[in-house]
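The values are calculated or read from the model by the stated rules, or taken from the named source; none is laboratory data. Since we're looking at a predicted model, the values are computed, not measured. Note: ideal-geometry Cβ built from the backbone for every residue, glycine included; neighbour counts use all protein chains shown.
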Amino acid sequence: MILGIDPGLENTGWAVINYQLSITNYKLVDCGVIKIKSEDRLKDIYGGVEKIIKKYGVKEMAVESMFFAKNAKSALKVSEAIGVVKVCGMNNKIMVAEYTPLQVKMALTGYGRAEKGQVEQMVGTCLGLDRVIQPSHAADAVAVALTHGFTMKIE
């Protein structure tokens with residue numbers, strides 16, 4: 001099982017995919033968002049990620065990193081969330097990889113400047129879905145998980 005994470009301050013997207021013997025045989029197990037309920041956002045994120053890891057028996061985790069940010073203050077906060085997610089994975093003894101949005105777009109569409117709709121369409125195609133995954137944070141997490149699978153050529 002691969003856990004994909006799209007870190008955010010309000011909502012952290014997550015997705016668990018299962019992979020079979022073939023690189024083209026991925027299955028979406030579950031996805032959603034960790035909603036931040038308290039003032040202690042980092043604690044909420046850590047607890048939510050850890051709950052998912054334990055519930056689904058996750059073996060590997062892929063986290064979307066920041067490529068650049070226009071607002072330094074919010075970039076620092078998102079970086080803290082990324083760090084908490086990575087520490088949670090390490091504390092639970094699972095492999096943690098990090099991918100930029102550019103790497104995700106390249107892995108799924110072959111084009112680093114692909115638009116969000118193109119990435120969402122390829123996520124659906126890769127998983128054999130007939131709908132777009134909602135909410136968008138969850139769809140981004142699925143894309144990150146698939147990127148890890150494709151990049152690592154997990155079998």
> Among (1) surrounded by 13 or more Cβ atoms within 10 Å (Cβ to Cβ); (2) touching a residue at least 60 places away in the same chain (Cβ under 8 Å); (3) closer than 25 Å to Thr151 by Cα, which single condition is Met106 missing?
Replying inline: (2)
> Quick check: is even one residue across the stretch 31-43 assigned to a strand (DSSP E or B), more than 22 Å from Thr100 (Cβ to Cβ) and either of a type in the set (Asp, Glu) or at pLDDT 95 or above (or both)?
Replying inline: yes
>> Looking at the stretch 94-123 only, could you name the residues that are under 25 Å from Glu10 (Cβ atoms), assigned to a helix (DSSP H, G or I) and among the small types (Gly, Ala, Ser)?
In response: Gly117
> Among the residues of the stretch 73-80, is there at least one that is out of contact with any Gly (no Cβ under 7 Å at 6 or more places or on another chain), surrounded by fewer than 17 Cβ atoms within 10 Å (Cβ to Cβ) and acidic (Asp, Glu)?
Replying inline: yes
> Across the stretch 132-155, what is the number of residues that are closer than 22 Å to Thr12 by Cβ and over 17 Å from the mean Cα position of the chain (by Cα)?
Replying inline: 0
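Look at Tyr46 and say whether it is of a type outside the set (Gly, Ala, Ser), under 27 Å from Phe150 (Cβ atoms) and at pLDDT 90 or above.
Details: of a type outside the set (Gly, Ala, Ser): yes; under 27 Å from Phe150 (Cβ atoms): no; at pLDDT 90 or above: yes.
Criteria not met by Tyr46.
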> Is at least one residue of the stretch 87-99 closer than 18 Å to Val33 by Cα and within 15 Å of the chain's Cα centre (by Cα)?
Replying inline: yes
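Condition (residue is in contact with a strand residue (DSSP E or B) (Cβ under 9 Å, 6 or more places away or on another chain), under 14 Å from Leu3 (Cα atoms) and aliphatic (A, V, I, L, M)) applied to the stretch 105-121: is it met by at least one residue? Can you show your working first?
Filtering the stretch 105-121 down to residues in contact with a strand residue (DSSP E or B) (Cβ under 9 Å, 6 or more places away or on another chain) leaves 107.
Subset that is under 14 Å from Leu3 (Cα atoms): none.
No - not one qualifying residue is present in the stretch 105-121.
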>> Where the second residue is among the charged types (D, E, K, R) and the first is closer than 16 Å to Met1 by Cβ and lies in the stretch 26-52, which pairs have Cβ atoms under 6 Å and are six or more apart or on separate chains?
In response: none
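Looking at the stretch 1-10 only, could you name the residues that are modelled with pLDDT of 90 or more and more than 14 Å from Ile53 (Cβ to Cβ)?
Of the residues in the stretch 1-10, the ones modelled with pLDDT of 90 or more are 1-7.
The answer is Asp6, Pro7.
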> Of all residues in the stretch 49-71 being modelled with pLDDT of 90 or more and among the small types (Gly, Ala, Ser), which is surrounded by the fewest Cβ atoms within 10 Å (Cβ to Cβ)?
Replying inline: Gly57
> Which one is nearest to Gly124 (Cα to Cα), of the residues in the stretch 1-30 that are assigned to a strand (DSSP E or B) and of a type in the set (D, E, K, R)?
Replying inline: Lys27
